[in-house]
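Reviewing the structure listed below.
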Amino acid sequence: YAIQLDTITQIMYCAGSTNVNIPTSSAPYDANGYLNNISGLNGGSTPNPPYSAAVIYRINSAGNDLLDLTLYGPSSISSGQYVKAYSISLSQNRVFVGGFTTIDIPIPPSPAPTPFDGTRSNQDGFVAVFSKDLGTLEYATYLGSNGNETFGVTSIQALSDNGFVTGFTPDEALP
C-alpha cells in the first residue's frame, strides 16, 4: 500500500498487509525483523482474506534484493482480525508506519515513550515506529475514539526521529 525511498541509501521501504507467513528459515535475505511469524496466517484463496497482519520490508533500489522483512501484529490472528499498514515515512534513523487494526497490537514497554493512546476501541488507527533495519519496535500507539476508524492512518509524515504528523478522523469524538 505504501512505498518510500530513502534518498541517501537508495533503499526502498514498503508497507502493506499479508495473510500468509513469509518463510524466513530458508530465505535468501536477512529476515531478522521485529516479528517473523504470526500464528494463524495460513493464506487463503479469496481476494479479500478474512484476516491479515501488517508487513514492512526493505528492498534495494533495483527491486531485486529483499534486504529485511518484518510482520507487525499480535502473536496469533484469526478470522475477522486485521492489522493493515497504509502509510510509511522515514526519518534519519526510524521508519514510521500508519494503518488500522481490529485487534490489539504490540506496544513496547518502558523505557519506550508512553503511547498517546494505549487502549484500542473497536477499529482504531495506529502508528508504529521501527528502527531503520526493521529489527526493533521503538514506539506504537493507537489513534482513535470509541467509534470505528475503519481506514485508520492513511498518511504519515516523519518530522524527526521523535516526531510525526498524521491526519485522519471520521469521528468527532477523537481526543
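The values are calculated or read from the model by the stated rules, or taken from the named source; none is laboratory data. Here the structure is a predicted model, which means the values were calculated and not measured. Glycine gets a Cβ as well: all are built from the backbone with ideal geometry, and neighbour counts include every protein chain shown. Side chains included, ligands, DNA and RNA excluded: accessible areas come from the protein's heavy atoms. Shrake-Rupley method; radii C 1.70, N 1.55, O 1.52, S 1.80 Å.
In the range 123-157, the residue that is modelled with the lowest pLDDT out of those that are assigned to a strand (DSSP E or B) and open to solvent by 10 Å² or more (accessible area, probe 1.4 Å) is 143. Only residues that are surrounded by fewer than 24 Cβ atoms within 10 Å (Cβ to Cβ) and either among the β-branched types (Val, Ile, Thr) or at pLDDT below 90 (or both): list them for the range 85-103, please. Hits for the range 85-103 are 88, 102, 103.
Could you identify the single residue in 62, 53 that is aliphatic (A, V, I, L, M) and either modelled with pLDDT under 85 or in a strand (DSSP E or B) (or both)? Criteria check complete, one pass: 53.
Filter the range 1-16 for residues that are touching a Gly at 6+ places or on another chain (Cβ under 8 Å) and either exposed (fewer than 14 other Cβ atoms within 10 Å of the Cβ) or farther than 11 Å from residue 89 by Cβ (or both) and give the result.
1, 12, listed by residue number.
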